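Structure, as structure tokens:
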Amino acid sequence: MTTASRAFRRDYRGLVPPALLLLFWFVAGRLGWTNPTLIPPPEQVLAVAWQYLGSGELFRALAASLARDLGGFALGALAGIGLGVLLGVSRWAERLLGPTFHTLKQISLFAWIPLLSIWLGYNDVSRVVFIAVSAFYPVALATFEGVRGVTRAQFEVARVHGFTARQRLTRLILPAAAPQILTGLNLGLVYAWLATIGAEFLLPAYGDIGLGDSVIRGRAAFNVALVIFGMLAIGGVGVALNRVFRRLERHLLRWRGDHR
Amino acid sequence: MTSLTNTLGPLPLATSASWPARLAAPLRRAGHWAAGLLLPLALFALWQYAVDRQWLAEQILPPPSLVWQSLGELWHSGELRDHLAISLTRVGWSVLLGGGAGLALGAALGLSRSARAYLLPSFELVAQFPVVGWVPLLIVFLGIDEALKVAAISLAVLVPVTVNTHRGIAGIPRPLLDVGRVYRFTVPQTLWRVVLPAAAPSLFNGLRQGVMQAWLTLVFVELLASSEGIGYLMVWGRQLLQLDLVVVAMLAIGAVGLALDLALRWAESRLASWRRGAF
């Protein structure tokens, strides 16, 4: 009984460091320890946040960034699952494509940006392609490993039941590899968000202004409160995406009966 | 093509232990190597063909010969090595700083229950922030010089090192620590002779992830703000519309990434064999 109630009681000690930080920030601003243009007090950041919320600018930026993020992620993830399954199922495909894939994977993601900017220009197409590339690698790699993990015995059962090639894919390979594929998708989502913000910094474009664009413009205008608020918003979206995905993952893996 | 598939076939002769059987394995391995080279060769041929046919302007698709020539020139003038040396120095300092801080933080989280209670929730939250999101704020505080690069890359290293150190220490089986207690190990002895060896694979994993994250972040900060380094070489080539420079820089970035990965994998396998020898 006591252990159960203790488990349900929240541990508030984790709130101490952020609370201390906020307090210090607030006090430092009040006592004039810091240069207010360099480190604006918390209330100024709140004011900027309020202004952004009120004018709807935040929602527009959020929508623009998320649309790019999820669009690029969907493209990259589909391509990644496709290649991963192909490499996992066919030894020949692995021999032909594997070495090239593993070598290209070593090129640090952001190194693609100058090339993309020349080939596709500074626009949303190059941004989305870049986001797709960054989501592609982790998904392809995890899918490949998951498909390789399908055992001979499982495959024999499918053969005994006379599965067609399509049934083998949808009823054996994809479900068996699902945990790894989902892990890969989670990683892909993290990289896609990183790439979204990175692309908005490095591939400035006219048109829909995303969160990253707002922050980089805030920096150019030395609006530090906006930079801080933007950074928190970017981080918050990253956290929220993770949360939503975890929930989705648990839902999708319910049939396996194991709870992580 | 046909001869290649012949050597790669199932080789029905291989059932007997005659000399073709002994040759079969190395031949097959050579065949697999050759198969892996087919796609790059085909892409290369397509590239050359596209240049010959002038499908695209030279600014958009430089001929392979020009890329090769630029690579040679940049290498012989020492320019490429200088840029790489600057970039690797930044990565080195950041791995030391971020890795050291991550090791300390991860060890605190793994060893102390109250450190876990106070710090873990904040850390887990902040660790999910994308590293590039910090960069504008860091620019405000640190300017765009070395301090910015080292700070941003260190942050990228800190997260995986902390996570893996914490996991490695938290995953040490209880009996192992009990044995240490039986031997009346002091705290430093316990750390050095029980905790460190037991957590070593996880620590190493953290280091490997940290170095790879460092290389990723380095290219980002150098593209965003720098006047030297391998990322700057790309920016420069992009501005001059000399795509050959961009491609040379990409090749160098890929080669260094590959070398770092291979070196760390090799070190990891050495570590693993040492562990097996120890028990």
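The values are calculated or read from the model by the stated rules, or taken from the named source; none is laboratory data. Model, not experiment: these values are computed from the prediction. Using ideal geometry, Cβ is built from the backbone for each residue, glycine included, and neighbour counts are taken over all protein chains shown.
Looking across region A:76-100, the residues that are under 14 Å from A:Arg148 (Cβ atoms), more than 7 Å from every other protein chain (Cβ to nearest Cβ) and out of contact with any Ser or Thr (no Cβ under 9 Å at 6 or more places or on another chain) come down to A:Leu86, A:Val89, A:Ser90, A:Arg91, A:Ala93, A:Glu94.
What number of residues within region A:232-260 are away from chain B (no Cβ under 14 Å), among the hydrophobic types (A, V, I, L, M, F, W, C) and part of a helix (DSSP H, G or I)?
Final tally of qualifying residues: 3.
Among the residues of region A:157-180, just one is among the aliphatic types (A, V, I, L, M), surrounded by 14 or more Cβ atoms within 10 Å (Cβ to Cβ) and more than 30 Å from A:Ser134 (Cα to Cα), namely A:Ala158. Output yes when any residue across region A:99-109 is surrounded by 18 or more Cβ atoms within 10 Å (Cβ to Cβ), modelled with pLDDT of 90 or more and farther than 25 Å from A:Ile173 by Cβ, and no when none is. Yes, the conditions are met somewhere in region A:99-109. Residue count for region B:110-119 satisfying the condition of being more than 7 Å from chain A (Cβ to nearest Cβ) and surrounded by 15 or more Cβ atoms within 10 Å (Cβ to Cβ): 4.
Exactly one residue among A:Arg95, A:Arg68, A:Arg13 is in a helix (DSSP H, G or I) and within 25 Å of A:Ala199 (Cα to Cα), and that residue is A:Arg68. Residues that are facing another protein chain (nearest Cβ under 7 Å) and either under 14 Å from the mean Cα position of the chain (by Cα) or without any contact (Cβ under 8 Å) to a residue 40 or more places away in the chain (or both) within region B:206-234 comprise B:Trp215, B:Leu216, B:Val219, B:Leu223, B:Met234, listed in sequence order. Residues of region A:181-231 being among the aromatic types (Phe, Trp, Tyr) and either crowded, with 20+ Cβ neighbours inside 10 Å or more than 9 Å from chain B (Cβ to nearest Cβ) (or both), which ones? The answer is A:Tyr191, A:Trp193, A:Phe201, A:Tyr206, A:Phe229. Checked against (1) more than 9 Å from chain B (Cβ to nearest Cβ); (2) within 27 Å of B:Trp236 (Cβ to Cβ); (3) surrounded by fewer than 18 Cβ atoms within 10 Å (Cβ to Cβ), A:Arg127 passes all but condition (3).
Screening the candidates B:Val195, B:Val159, B:Val126 for the property of being surrounded by 18 or more Cβ atoms within 10 Å (Cβ to Cβ) and either closer than 26 Å to A:Arg10 by Cα or at pLDDT 90 or above (or both) yields one hit, B:Val159.
For B:Ala199, the criteria (1) aliphatic (A, V, I, L, M); (2) away from chain A (no Cβ under 12 Å); (3) touching a Phe, Trp or Tyr at 6+ places or on another chain (Cβ under 8 Å) hold in every case but one, which is (3). Close Cβ contacts (under 8 Å, 6 or more residues apart or on different chains) running from residues in region A:108-124 that are within 10 Å of chain B (Cβ to nearest Cβ) to residues that are part of a loop (DSSP other than H, G, I, E, B) comprise A:Ile113/A:Leu203; A:Ser117/A:Leu203; A:Ile118/B:Gln59; A:Ile118/B:Ile60; A:Ile118/B:Leu241; A:Trp119/B:Ile60. For region B:143-192, a residue qualifies if it is outside any loop (DSSP other than H, G, I, E, B) and charged (D, E, K, R), and the qualifying residues are B:Glu146, B:Lys149, B:Arg167, B:Arg174, B:Asp178, B:Arg181.
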